[in-house]
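Worksheet: the structure to be examined is printed underneath.
The values are calculated or read from the model by the stated rules, or taken from the named source; none is laboratory data. Just so you know, these numbers come straight off a predicted model, no measurement behind them. Cβ atoms come from the backbone with ideal geometry, glycine included; neighbour counts cover every protein chain shown. Note: areas computed on protein heavy atoms with side chains; ligands, DNA, RNA excluded. Shrake-Rupley method; radii C 1.70, N 1.55, O 1.52, S 1.80 Å.
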Amino acid sequence: MGFFLETLLGGLMAGMLYSLVALGFVLIFKASGVFNFAQGAMVLFGALAMARFAEWLPGWTGVDSRLLANLLAFVLAGAVMFVVAWLVEWLVLRHLVNQEGATLLMATLGIAYFLEGLGQTLFGNSIYKIDIGMPKDPVMAFESVFQGGLLINKEDLIAALIAAALVAALSVFFQKTGTGRALRAVADDHQAAQSIGIPLQRIWFIVWCVAGVVALVAGMIWGSKLGVQFSLTTVALRALPVVILGGLTSVPGAIIGGLIIGVGEKLSEVYLGPLVGGGIEIWFAYVLALGFLLVRPQGLFGEKIIDRV
């Protein structure tokens, strides 16, 4: 029982990190009705900015505290992501108002390649580290409840708590604020939203800013775990089954989908892996998502995309 709960908890923590990346896809889709191929590049760009600013700031300012250097680096990286969001809205999106979804889709591809190249130019192309002080050593917990206790990775636990807090804040933002309701109106119909006075450009700017912050937090967490390198863009691929399962239009769907995928990966690898030679964790999520597409293409909580076109 203890080993099962240990595996389950590990899956839930991994699922929260998947949900965080998936939120970026959902945010942009809810605002523009287009799948954002630039999300992986945004995660990489935010992680690069965070890593390099944390490295440069002590030399620029003489700050000796790692905590203060990381906080300042996060603020500067967030400002950079806001500038990126403003440039995307000013140079790209405002010229594509009321255009076909395919046009917006191709625009996000162009943004992805641009951000990858810009990140390499500004911050370099080596492998960098983000050290935000998260403990790496696992800890034993509930030893008095389960024989041998539960082995919990403290780094994964802290990362999952950070992701959960951000996900909860975004859920409240979209459900309870006027901006969140305006965003949903824009996602349903650009022209109708404009006709009732909703400023499309401002909504797109806000959404890209929020998606940029989400990408920065995701890049900070994944960069701390894996190192900041250009393969970090593939983290977005891990979130694709999550948005398929949960639904491209649903913030709660991104959360629940991430948890299902995370738990499914861990349990299948532990209990089914030995029967088929292992490696299930690599492809389980994609097979589950493809199978789910046959039953409910819009996802658990998503709307039928055909109804939105």
Checklist outcome for this item: The Cα extents of the range 164-237 along the principal axes, largest first and rounded to whole Å, are 46, 24, 18
Next on the checklist: Can you list residues from other chains, or at least 5 along the same chain, whose modelled amide H is less than 5 Å from the amide H of residue 99?
Outcome noted: none
Checklist entry - What are the ³J(HN,Hα) values, in whole Hz, obtained from phi via the Karplus relation 6.51 cos²θ - 1.76 cosθ + 1.60 with θ = phi - 60°, for each residue of the range 163-176 in sequence order, with x given for Gly and Pro? => result 4, 5, 5, 5, 4, 5, 5, 5, 4, 5, 4, 7, 8, 10
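Let me check I've understood the local charge: for residue 269, count other residues with C-beta under 14 angstrom from its C-beta, Lys and Arg +1, Asp and Glu -1. What total comes out? It would help to have the intermediate numbers written out before the result.
Values: positive: 266; negative: 6, 265, 281.
Result for the local shell: -2.
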Item to check | Efficiency of FRET from Cβ geometry, residue 140 and residue 61, R₀ 41 Å, rounded to 0.05 | outcome: 0.55
Item to check | Convex hull per residue volume in Å³, alpha carbons only, for the range 20-101 | outcome: 91 Å³
Checklist outcome for this item: Relative contact order as a percentage, the chain, C-alpha pairs under 8 Å and 6+ apart, gives 34 percent
Checklist entry - Which aspartates and glutamates have a Cα less than 13 Å from the Cα of residue 266, not counting those fewer than 8 places away in the same chain? => result 6, 281
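Quick one: work out Rg over Rh on the C-alpha atoms of the chain, Rh as Kirkwood radius. Don't skip to the end; give the middle numbers.
On the way: Rg = 20.0 Å, Rh = 20.3 Å.
With Rh from the inverse mean 1/r over Cα pairs, Rg/Rh is 0.99.
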Next on the checklist: Ratio of alpha-carbon Rg to the 2.2 N^0.38 Å globular estimate for the range 129-198, to two decimals, please.
Outcome noted: 1.91
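Tell me the carbon and sulfur percent of the accessible area for the chain, rounded to whole percent, probe radius 1.4 Å. Walk me through the numbers before you get to the answer.
Numbers: 9630 of 14380 Å².
The C+S portion of the solvent-accessible surface of the chain is 67 percent.
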Item to check | Prolate/oblate/rounded call for the range 1-157, Cα gyration tensor, a/c under 1.5 rounded | outcome: oblate
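Rounded to the nearest 500 deg cm²/dmol, what is the calculated helix-only ellipticity per residue at 222 nm for the chain, with -39500 (n - 2.57) per DSSP H run of length n ≥ 4?
Working: 12 runs with 219 residues, N = 309.
Value at 222 nm, helices only: -24000 deg cm²/dmol.
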Checklist entry - Long-range amide H contacts for residue 228: which residues qualify at under 5 Å (H placed 1.01 Å from N, peptide plane, sequence gap of 5 or more or a different chain)? => result 128, 129, 130
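Please express the shape of the range 183-277 as an equivalent ellipsoid: the semi-axes are the square roots of 5 times the eigenvalues of the C-alpha gyration tensor, given largest first in whole angstrom. Walk me through the numbers before you get to the answer.
On the way: eigenvalues 236, 70, 16 Å².
Semi-axes (√(5λ), whole Å): 34, 19, 9.
Where only protein heavy atoms count, and the probe is 1.4 Å, what is the accessible area per residue for the range 1-295 in Å²? Display every interim value, and only then the final one.
Numbers: 13290 Å² over 295 residues.
Accessible area per residue, the range 1-295: 45 Å².
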